[in-house]
Structure formats: structure tokens, C-alpha cells
1. Does region 233-245 include one or more residues that are closer than 30 Å to ASP181 by Cα and either at pLDDT below 90 or part of a loop (DSSP other than H, G, I, E, B) (or both)?
2. Output the residues belonging to region 7-23 that are out of contact with any helix residue (DSSP H, G or I) (no Cβ under 7 Å at 6 or more places or on another chain) and open to solvent by 50 Å² or more (accessible area, probe 1.4 Å).
3. Taking only region 57-101 into account, find how many residues are part of a loop (DSSP other than H, G, I, E, B) and among the β-branched types (Val, Ile, Thr).
4. Could you run through region 54-72 and say how many residues are over 16 Å from THR8 (Cβ atoms), at pLDDT 95 or above and aliphatic (A, V, I, L, M)?
5. Is one or more of the residues making up region 7-29 more than 18 Å from the chain's Cα centre (by Cα) and in contact (Cβ under 8 Å) with a residue 60 or more places away in the chain?
6. Condition test on ARG78, is it out of contact with any His (no Cβ under 6 Å at 6 or more places or on another chain), among the basic types (Lys, Arg), at pLDDT 95 or above and under 25 Å from LYS103 (Cβ atoms)?
7. Looking only at region 195-204, decide whether some residue is at pLDDT below 90 and in a helix (DSSP H, G or I).
8. Output the qualifying pairs, or none if there are none: Cβ atoms under 7 angstrom, residues six or more apart or on different chains, first residue in region 225-250 and open to solvent by 80 Å² or more (accessible area, probe 1.4 Å), second residue of a type outside the set (Phe, Trp, Tyr).
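The values are calculated or read from the model by the stated rules, or taken from the named source; none is laboratory data. Model, not experiment: these values are computed from the prediction. With ideal geometry, Cβ positions are generated from the backbone for all residues, glycine too; neighbour counts draw on all protein chains shown. For accessibility, only protein heavy atoms count, side chains too; no ligands or nucleic acids. Shrake-Rupley method; radii C 1.70, N 1.55, O 1.52, S 1.80 Å.
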Amino acid sequence: MTTPRRATPADAEGITCLRSELILSQPLTPDWLALCRDQLIERLQAHGDARAYVVEAPEGGLVTCALAVVSPVLPAPRYPKGLAARIQAVATRPGYRRRGYAKAALTALLNDLEQEDITLFELHASDESRSLYEGLGFVSDPALMRRTALPPQSRGQHRFGALTDDWDTIQRLADTFSRLDAENGLAPEEQWTLQVLKLAEEVGEAAQAVIGARGTNPRKGHSHTWTDVQDEVVDAVITGMVALARLRPDAREYFTAVLARKAAKFLPSQDSGDELLR
């Protein structure tokens, strides 16, 4: 097994990418990646508040990270030094999981933190990672609550300008899925085939929702609502857009051109003022 090592400021970019790709609900934009990387470079310095352990693949590149941020709290008998550590990010790339990397990195990180007399640790656990944390002594606390207040610049626009275009989000999704499939050894044509089949699956689920909304299946009756139908249609649209983005690097422009060509069959020309012909 590859041995975890203490992270240095040079690992900031790799850790930031792992967090963006594998932990956050939506990957960071390049501007946000740069901001997080630059902050982490500083915070991983000897005087900083970040601690991390990483695992490198034999061929190079980070495949696992365990990152914590240390913060002061008022002291108490169970944490007399008045320090707490929040486990900010624990992640392993899909092709390297089930090898004990995350456990080894997190164990090394916790040992280092305890050497600093830090005794209070907190983290957010997903269902799939809960057993790992429980094995290292973490327990669930039903009293813990969370609140996120959006900063003013996030109410209507991002930190780095206007809200991201929907196609930017689609492209990030397409890039993420393509990377994961490539790591699993799938050739491009295999990836495209599976993505289009996924589109067929989503359309089928929309059709099932319509049957459920109309109650035409005598066995299931009214099993869906029209809101369910709308959600399934959105899933199909998103999947189709991702499929196009994976098939063509110019997906946005191609979509616009095809949309204009198709629409011209049904919509009047804005220049000529011709009436709609059916």
C-alpha cells in the first residue's frame, strides 16, 4: 500500500481539485479553484491553520487527501487547549478506492492533530463514509445543526461575476463524467454509447411518470404527480445536453445552430414578418 505523507503547500492544487471533483455538490469554476488553491497554499504553511495528508499514485498525482482546518474555541475540560479541528475533506479517486488509502491518510492526520493537543474533532459524514469514521471513533450527534447564509455577492451573482451560464455547468458535468469513465478504462465511443443509453433511460422514466400521473397502470394506479413528470423531463433534458457536450467540443454553438434550423420550420421570420405556416 502507498504510504500517506504530510501535505505541503505544493499539494494545494491537487487537494483543491479532489475536493472540487469528489466532495462538493457542484464542481468549482476555474476562478474558484484558483482562489481555494491560493488560500490553501498559505494555510498549509507552518504558521497556517490547515493540516493534510495525501496519497500519491505510483505514476504520480494525488489520489487521496485528508484535510483538516484547526480553529480556536473556548476551552473546556475535554479540550483544555481551546482548539478544535474540522475535517474539511476526505476523498479518494474512484479507481483507487477499497485500498485503505482514505483510512490511512485520515488516521495519520488525526495522530498529528492529537500531537498538537487537539481533542475536539468534527466532520460531515456521507452514508457511504460513515463506517470509516465510526471505525476511527467518531459518533453521530443529533444535536448538531447547520446553517449556511449566502454572502451578498452570491445572491444573484457569483463572487467572480454574473451567474454561470447553464452550458458552463453542463460542460463541467460532461468533463467530470468523461474523466471518471476514462479512469475506469472506457474508450470514448463506449462513453458516448453509455451516455446516450442513459438518455433513453431518463426518457423512459418520464414516460413512466406520465403513466403514473394518469393512473393508467391498473396495478399501480396514480403513483406519480405531474410535478414528478416535470422533474423527469428536466432530468432527460440535462442528460441530453450532457450527452451532446460529451459528443462535441462545440456543443453550445452546435445546439444553437440546430435549434435555429429546427425553429425556422415553425416560427415566423423576425426579419420578414411572415406569418406562421403549418
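1. No, region 233-245 has no match at all.
2. Answer for region 7-23, where residues must be out of contact with any helix residue (DSSP H, G or I) (no Cβ under 7 Å at 6 or more places or on another chain) and open to solvent by 50 Å² or more (accessible area, probe 1.4 Å): THR8, ALA10, ARG19, ILE23.
3. Going through region 57-101 one residue at a time, the tally reaches 1.
4. 3
5. yes
6. no
7. No; the residues of region 195-204 include none that is at pLDDT below 90 and in a helix (DSSP H, G or I).
8. TRP226/ALA213
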